[in-house]
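One structure is given below, encoded as structure tokens.
The values are calculated or read from the model by the stated rules, or taken from the named source; none is laboratory data. Just so it is clear, the model here is predicted, and its values are computed rather than measured. Backbone-built Cβ (ideal geometry, glycine too); neighbour counts: all protein chains shown.
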Amino acid sequence: MIQRSWMKLPITGASKLGFVSKNAWDSVAMAKPSWSNERWRILQESGLFSRSLRYLRMDHILVLTEIGKRIARQMNLDPVEPPNADFVYHDELVMEYVLKLESQGLIQSWVSEIELKRKYYKRSRESRGEQKKPKYPDLIVRLKVPGDPVYFAVEIEHSWKNSYRYNEFTNMYKRQAQIDSILVVCKTQKIIDAIRRAQVRTLYPQNVRPMTFGLIDEVVKSPGSGKMFLNDKPLSLESIVKSLREKRENTVGQKAS
């Protein structure tokens, strides 16, 4: 097993997203640059991580070595393959967001899009033709609250899409009965407004499976306390978790009495 407990976080990120980035590590480490740089150097020299030919011009990206993958499996992780370089910027945002949530104790577990794709993969071509590829959330997180599990899907929307794509987006979540709520974190308010219009067009059941919206610059920087909006009411993930914990603990207390 690993000798340094702080290595668990980058190993987890690399196992579930396919790589770990210096940018995300610096942000999650929340420490002086000298401390962060020293530990990044240790990661590079640990034998657990290496550069990849897939990311030739990306010095800030590391992937697990075979030794690293073996250690990850000892941690009950099942390492995924590194993503295409075109997706690294988006996935860095996802990594920064979810590793901060994990380090802050707000989530009990999480599953990445690439893990979902691997788990539910089916051949796109069958004897009768080609099936349309399903869309998966960027993340599914289980909140760290007592009692029955609460699952939130998380979507990081950093680029503009056309109205048809946003219709697909909202229609997809109409059918996701296993998801309790969706957190949509967008680059601009323009994207948030476009998704809200799609909700109207597709008759999205906001009262059944609510979508909460926030901006990347605020929410990814501070995932727990960053301001989001549910039906124009401001809130944060910390406040959601706190409210659920208090409600469920009170319910347990009432039953015990």
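For K187, which of the numbered conditions (1) modelled with pLDDT under 95; (2) touching a His at 6+ places or on another chain (Cβ under 6 Å) fails to hold?
(1)
What about K187, is it among the basic types (K, R), within 17 Å of the chain's Cα centre (by Cα) and within 16 Å of L93 (Cα to Cα)?
On the way: among the basic types (K, R): yes; within 17 Å of the chain's Cα centre (by Cα): yes; within 16 Å of L93 (Cα to Cα): yes.
Yes; evaluated as a whole, the condition is true for this residue.
For every residue, the table says whether it meets (1) in contact with a strand residue (DSSP E or B) (Cβ under 6 Å, 6 or more places away or on another chain); (2) at pLDDT 95 or above.
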residue	(1), (2)
L99	no, no
S103	no, no
K119	no, no
G129	no, no
D138	yes, yes
G147	no, no
V154	yes, yes
Y166	no, yes
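Take Y89 and decide whether it is of a type in the set (S, T, Y), modelled with pLDDT of 90 or more and not assigned by TED's automatic domain parsing to the domain that holds S50. Give the steps one after another, and end with the answer.
Values: of a type in the set (S, T, Y): yes; modelled with pLDDT of 90 or more: yes; not assigned by TED's automatic domain parsing to the domain that holds S50: yes.
It is true that Y89 is of a type in the set (S, T, Y), modelled with pLDDT of 90 or more and not assigned by TED's automatic domain parsing to the domain that holds S50.
Please go through the range 50-74 and pick out each residue that is part of a loop (DSSP other than H, G, I, E, B) and at pLDDT below 95.
R51, S52, L56, R57, M58, D59, H60
Can you name the residue in the range 159-182 that is more than 30 Å from L244 (Cβ to Cβ) and of a type in the set (F, W, Y) and, of all such residues, is surrounded by the fewest Cβ atoms within 10 Å (Cβ to Cβ)?
Here the residue is Y164.
Give the number of residues within the range 211-226 that are of a type outside the set (S, T, N, Q) and under 17 Å from D193 (Cβ atoms).
8
Could you pull out every one of the strands (runs of 3 or more DSSP E) wholly within the range 198-242 that has 1 or more residues that are touching a helix residue (DSSP H, G or I) at 6+ places or on another chain (Cβ under 7 Å)?
Working: elements: 211-215, 228-230, 233-235.
Qualifying strands (runs of 3 or more DSSP E): 211-215, 228-230.
Can you pull out every residue in the range 145-178 that is in contact (Cβ under 8 Å) with a residue 40 or more places away in the chain and in contact with an Asp or Glu (Cβ under 8 Å, 6 or more places away or on another chain)?
Result: P146, V150, V154, I156.
Against the conditions (1) of a type in the set (G, A, S); (2) closer than 22 Å to V241 by Cα; (3) in a helix (DSSP H, G or I), where does A194 fall short? Just the number, please.
All conditions are met except number (2).
Could you identify the single residue in I67, I114 that is of a type outside the set (D, E), out of contact with any strand residue (DSSP E or B) (no Cβ under 6 Å at 6 or more places or on another chain) and surrounded by fewer than 15 Cβ atoms within 10 Å (Cβ to Cβ)? Write out each step before concluding.
Numbers: I114 fails: surrounded by fewer than 15 Cβ atoms within 10 Å (Cβ to Cβ).
Being of a type outside the set (D, E), out of contact with any strand residue (DSSP E or B) (no Cβ under 6 Å at 6 or more places or on another chain) and surrounded by fewer than 15 Cβ atoms within 10 Å (Cβ to Cβ) holds for just one of I67, I114, which is I67.
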